[in-house]
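The values are calculated or read from the model by the stated rules, or taken from the named source; none is laboratory data. Quick caveat, the model's predicted, so the values are computed rather than measured. Backbone-built Cβ (ideal geometry, glycine too); neighbour counts: all protein chains shown. Areas reflect the complete protein model, heavy atoms only, side chains present, ligands, DNA and RNA absent. Shrake-Rupley method; radii C 1.70, N 1.55, O 1.52, S 1.80 Å.
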Amino acid sequence: MADKVFALPNVQTPSVPVKINPDKCIGCNTCVETCQIDVFIPNPKKGAPPIILHAEECWYCGCCATDCPTPGAMEFNWPLPLKPRWRNKETGVVSQLK
Amino acid sequence: MGTWHDYLKAAGTPPEWPYPIKYGEETEVETDVLVLGGGIAGCWAAISAARNGVKVALFEKGDVRRSGAGGPGCDHWCNVPANPLSRVDPDEWAIEMINALGDYSNGIGIEIQCREDYDTLLEMEQMGGKIRDDKDEFVGAEGRDPETKLMFSPRYGAKAGYGAHPDWRKPGFNPPEKRNNVVIRIWGSTFKPILKRECKKLGVQIFDRVMATSLLNENGKQGARVVGATGINGRTGEFIIARAKATIIATAGSGQLWNIDMEHGGYSYMYSRNENGDGSVMAFKAGATITMREGSHPFGIASGLKHKWYTGGGDASYENVPIVDANNVKLDLVTQGWADAGAMNSPDLLQAVRDGVESGKFELPMFGDFAGMKPEESNATWNLMLNEESTTKIMVKTMTEGGFDHTRDQIMNYSFIEMQSPPQYYDAPRGGGILHDWNLKTTLDGLYAAGTAVFSPEDHSFAASTGRYAGRKAAAYAKTVELGEVCREQIAKEKERVLAPAMRSEGIEWKELHNGLCRVMQYYVSQYKTERLYNLALEEIARIEENAVPQLYALDPHKLMRSLETLSAIESAKIIIYAQKERKLSSPKLGINRLDYPEPDEEELKKYLLMHLENDEVVFERIPIRFWGNMKEQYEAHNQDYTGVYKG
Ligand SMILES: Cc1cc2nc3c(=O)[nH]c(=O)nc-3n(C[C@H](O)[C@H](O)[C@H](O)COP(=O)(O)OP(=O)(O)OC[C@H]3O[C@@H](n4cnc5c(N)ncnc54)[C@H](O)[C@@H]3O)c2cc1C
Ligand code: SF4
Ligand code: SF4
């Protein structure tokens, strides 16, 4: 099943406002309940990571990632155009969030 | 991992809608006080009504735990002149703020804020909110009081208002002994979950994920007493009918009229994207009077796609942080820090910077020079202020994890150069909202309002203190009346309206409808305004209503909720256009710039423009600015029984 290619509409931008690590996520759905926008829905499989359904409605409040009780389960992911840049004052080297 | 297509690949089928679909089903609720909107104002309203001994129910579109603009946090508790270290008298400060904010501010709300928001803050502390540096993390930062461990913000240091004081460049302009001490830095990211917990503890019946859709008038008559409201569950589609002795609107303001910013930068400015003006529209349709809907401004801070701090994006470094150019030359801007009493940059100062860029005086890009600040100050700005200020918290987290060091680095910044907004970055008039009296009662019996939903609102502590106040006034009223008669015909009509998009599976989806509306506002109601353009706008909206709205379809209850919001946005847009048409003048203070009426009409400008519906016809009225009278006397006359901080 994993190799099957489905006919899908374009993936919405931003593709993933948050990244969920399936090895760490305990499927507690705290993020589903925390998100005021309902960006997520619970996974039909109990204990499995939630599904990002309305990615493009995210307002980047960060509450899901801040309130996730499981370290490393959810990583916030700024869309490319929004990734902040900063400079080391002494060396002048400019970095950008990955 | 976590995407929809990941799921599809693994499961072989798309996920089914995870919640039971309940289109057509109804739940009926009876309560004393019904609160619509469970943000900052709504939670405080529910808590204070419940503490005053009445039964409370609350509808919240999201989940009360983190919903609203203040859900993620807040770092400034503004206008707290009643705190023990303040150097100003609350009533005098309220007048100073009114003078600083200008003619169209809200004297009633500001007086309530100045009188009661310190009590409100102490109640927040009682419930477990963090308001002091009790762990001594910010010792050495300016504004920290070693005894109370309260942390004062530079804002309004030696004066009221946001503008730069004429003396701000002079040495010794804002010394500690002259500061007003009226803005307290707080750990606001702790607040919202606490408010939800308290609501639950007090037995408030919370309806999360329920969008209020209409108010119910007694016997269904527009302008009659409000006796409840209807709502729809955004997960199940269930229709909720609430009967209440008193109803409080706390649904904040109307955003997303000029731009919905879908699919790109997310949507954020000073509202959460759940806020579409539903509250004002509901109140207006029920016959309540609204005001200040005629202004519109180019976006200022925290806006739309302009990759600013609040939008989630690189252009941070704003309050308290000096801005330097690529060569570390400091820009001649106020930094909103201690030296300039927290002032904000004026258009002149920003223009001077742009001129400097063009002449070669400054080289792009600019940087917010955290590394150039005293370490205690950059620590307080980064780890207290920005770490607590709502959506900035996640910025601090991700950047810190990504290697940013506030003692070493500078954040790249473009916003001080851009500033000028093209038409699509106009802002819905935040100042506009529901008219109320000294009890925060609207012009309709049984209907109260608080927070950003009222006309000319202010910020978080304004929302908290007006919510708390509206809760106790609504509770007092509820104790004197019986439940009113709802009209089954009105309810049936509303149910049909609300469910209509869910009954269709093709046509126009809410995003296209919303974008179509935004285009109308961008073309006809933005930088240039004339009667002809307004009329074209209204004609185009009428076409949208005739042709597009009947095709609006929603594939699930979430999309149904967004569809209904879009319908609210259409109503909000019409209200704004009606109000702007009625004001035949130009005034930067009011946010109207009409090419066909370029002059300010001084007499007209001395009045608020009020509007309400009578038999579905718009009726305009005018009342003098500062209609609220002597603020101190009025406050005292209306609050003889006020008992101060809650003793539970
Ligand atoms: C990034 C950012 C930083 C900020 N920083 C500060 C700060 O430091 N200090 C400060 O004083 N202020 C700050 N503010 C502003 C502050 O958050 C708001 O003033 C405050 O939240 C307003 O409270 P409110 O209750 O009126 O609205 P909100 O808290 O936004 O709550 C309104 C609620 O109504 C709900 N709602 C809307 N429509 C409906 C409906 N039809 N049915 C049911 N529910 C509905 C919404 O979901 C929401 O939960 C900031 C705002 C932002 C976005
Ligand atoms: S809150 Fe964290 S652990 Fe719980 S479901 Fe969400 S990502 Fe997984
Ligand atoms: S950042 Fe906010 S809006 Fe986006 S998914 Fe997380 S909780 Fe929802």
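Which of (1) part of a helix (DSSP H, G or I); (2) open to solvent by 30 Å² or more (accessible area, probe 1.4 Å); (3) under 21 Å from B:Glu30 (Cα atoms) does B:Thr190 not meet, given it meets every other one?
Just one mismatch for B:Thr190, condition (3).
Determine which member of the set B:Ala339, B:Ala326 is part of a loop (DSSP other than H, G, I, E, B) and away from ligand 1 (no atom under 16 Å from the Cβ).
Answer to the selection: B:Ala326.
Being under 17 Å from B:Asn639 (Cβ atoms) and assigned to a helix (DSSP H, G or I), is that true of even one residue in the stretch B:124-131?
Within the stretch B:124-131, none of the residues are under 17 Å from B:Asn639 (Cβ atoms) and assigned to a helix (DSSP H, G or I).
Scan the stretch A:54-77 residue by residue and report those that are in contact with a strand residue (DSSP E or B) (Cβ under 7 Å, 6 or more places away or on another chain), modelled with pLDDT of 95 or more and within 10 Å of ligand 3 (Cβ to nearest atom).
A:Cys64, A:Ala65, A:Cys68, A:Met74
Within the stretch A:1-17, how many residues are touching an Asp or Glu at 6+ places or on another chain (Cβ under 8 Å) and either surrounded by fewer than 22 Cβ atoms within 10 Å (Cβ to Cβ) or at the interface with another protein chain (Cβ under 7 Å from one of its Cβ atoms) (or both)?
Matching residues across the stretch A:1-17 total 2.
Of all residues in the stretch B:482-510, count the ones that are at negative phi and open to solvent by 40 Å² or more (accessible area, probe 1.4 Å).
Summing the residues that are at negative phi and open to solvent by 40 Å² or more (accessible area, probe 1.4 Å) in the stretch B:482-510 gives 15.
From B:Leu257, B:Leu305, grab the single residue that is surrounded by fewer than 23 Cβ atoms within 10 Å (Cβ to Cβ), among the aliphatic types (A, V, I, L, M) and either farther than 30 Å from B:Thr31 by Cβ or at pLDDT 80 or above (or both).
B:Leu305
Applying the selection to the stretch A:60-78, what residues are open to solvent by less than 40 Å² (accessible area, probe 1.4 Å), in a loop (DSSP other than H, G, I, E, B) and more than 7 Å from chain B (Cβ to nearest Cβ)?
Scanning the stretch A:60-78 gives A:Cys68, A:Thr70, A:Ala73, A:Asn77.
What is the number of the single condition among (1) more than 8 Å from ligand 3 (Cβ to nearest atom); (2) more than 7 Å from chain B (Cβ to nearest Cβ); (3) closer than 28 Å to B:Ile260 by Cβ; (4) free of Cβ contacts under 8 Å to residues at least 60 places away in the same chain that A:Asp23 does not meet?
Every listed condition holds for A:Asp23 apart from (3).
If you take just the helices (runs of 4 or more DSSP H) that sit entirely in the stretch B:427-540, which of them hold at least 2 residues that are free of Cβ contacts under 8 Å to residues at least 60 places away in the same chain?
Passing ranges, in order: B:488-499, B:510-524.
Every residue in the stretch A:14-41 that is part of a loop (DSSP other than H, G, I, E, B) and charged (D, E, K, R), please.
Once the filter is applied, which keeps residues that are part of a loop (DSSP other than H, G, I, E, B) and charged (D, E, K, R), the stretch A:14-41 yields A:Asp23, A:Lys24, A:Asp38.
Would you mind stating whether B:Ile95 is in contact (Cβ under 8 Å) with a residue 24 or more places away in the chain, more than 8 Å from ligand 1 (Cβ to nearest atom) and buried (at least 24 other Cβ atoms within 10 Å of the Cβ)?
no
Does B:Asn274 fit the bill of being modelled with pLDDT of 80 or more, under 19 Å from the mean Cα position of the chain (by Cα) and not assigned by TED's automatic domain parsing to the domain that holds B:Ser568?
For B:Asn274, the condition - modelled with pLDDT of 80 or more, under 19 Å from the mean Cα position of the chain (by Cα) and not assigned by TED's automatic domain parsing to the domain that holds B:Ser568 - is met.
So which residues in the stretch B:214-237 are open to solvent by 10 Å² or more (accessible area, probe 1.4 Å) and either of a type in the set (Asp, Glu) or touching a Lys or Arg at 6+ places or on another chain (Cβ under 8 Å) (or both)?
B:Ser214, B:Glu218, B:Gln222, B:Asn233, B:Arg235, B:Thr236
Given the criteria in contact with a strand residue (DSSP E or B) (Cβ under 7 Å, 6 or more places away or on another chain), at pLDDT 95 or above, within 14 Å of ligand 2 (Cβ to nearest atom) and not hydrophobic (A, V, I, L, M, F, W, C), does A:Pro50 qualify?
Answer is yes for this residue.
Every residue in the stretch B:415-460 that is touching a Leu at 6+ places or on another chain (Cβ under 8 Å), at pLDDT below 90 and surrounded by fewer than 20 Cβ atoms within 10 Å (Cβ to Cβ), please.
Residues satisfying the conditions are B:Ile417, B:Met419.
Restricting attention to the stretch B:1-56, which residues are part of a helix (DSSP H, G or I), within 30 Å of A:Gly47 (Cα to Cα) and not small (Gly, Ala, Ser)?
Answer for the stretch B:1-56, where residues must be part of a helix (DSSP H, G or I), within 30 Å of A:Gly47 (Cα to Cα) and not small (Gly, Ala, Ser): B:Trp4, B:His5, B:Asp6, B:Tyr7, B:Leu8, B:Lys9.
Criterion first (in contact (Cβ under 8 Å) with a residue 40 or more places away in the chain and part of a strand (DSSP E or B)) does B:Thr230 satisfy it?
yes
A:Glu57 fails exactly one of the following numbered conditions: (1) under 23 Å from B:Val64 (Cα atoms); (2) at the interface with chain B (Cβ under 7 Å from one of its Cβ atoms); (3) touching a residue at least 40 places away in the same chain (Cβ under 8 Å). What is the number of that condition?
For A:Glu57, the exception is condition (3).
Based on this model, can you work out whether A:Glu33 counts as facing chain B (nearest Cβ under 9 Å), open to solvent by 10 Å² or more (accessible area, probe 1.4 Å) and touching a residue at least 40 places away in the same chain (Cβ under 8 Å)?
It is false that A:Glu33 is facing chain B (nearest Cβ under 9 Å), open to solvent by 10 Å² or more (accessible area, probe 1.4 Å) and touching a residue at least 40 places away in the same chain (Cβ under 8 Å).
Which of the residues spanning the stretch B:586-624 are modelled with pLDDT under 95 and closer than 24 Å to B:Gly277 by Cβ?
B:Ser587, B:Pro588, B:Lys589, B:Leu590, B:Gly591, B:Ile592, B:Asn593, B:Arg594
Looking only at the stretch B:546-600, how many residues end up being of a type outside the set (Phe, Trp, Tyr) and either in a helix (DSSP H, G or I) or on the phi > 0 side of the Ramachandran plot (or both)?
Matching residues across the stretch B:546-600 total 32.
For B:Thr398, work out the one condition from (1) more than 16 Å from ligand 3 (Cβ to nearest atom); (2) in contact with a strand residue (DSSP E or B) (Cβ under 7 Å, 6 or more places away or on another chain) it doesn't fulfil.
The failed condition is (1).
Scan B:Ala57, B:Ala46 and give me the residue that is more than 9 Å from chain A (Cβ to nearest Cβ) and closer than 30 Å to B:Leu384 by Cβ.
After ruling out the rest, the residue left standing is B:Ala46.
Quick check on this structure: which one of B:Gly12, B:Gly53 is at pLDDT below 95 and farther than 26 Å from B:Glu565 by Cβ?
Of the residues listed, the single one that is at pLDDT below 95 and farther than 26 Å from B:Glu565 by Cβ is B:Gly12.
Mind telling me which of the residues B:Tyr646, B:Tyr578, B:Tyr597, B:Tyr608 ends up being open to solvent by 60 Å² or more (accessible area, probe 1.4 Å), touching a residue at least 24 places away in the same chain (Cβ under 8 Å) and under 14 Å from B:Glu294 (Cβ atoms)?
B:Tyr578
Given the criteria farther than 16 Å from B:Arg468 by Cβ, assigned to a loop (DSSP other than H, G, I, E, B) and either within 14 Å of chain A (Cβ to nearest Cβ) or open to solvent by less than 10 Å² (accessible area, probe 1.4 Å) (or both), does B:Gly70 qualify?
Answer is no for this residue.
Residues to consider are A:Pro49, A:Pro44; find the one that is away from ligand 1 (no atom under 16 Å from the Cβ), open to solvent by 30 Å² or more (accessible area, probe 1.4 Å) and not in a strand (DSSP E or B).
A:Pro44
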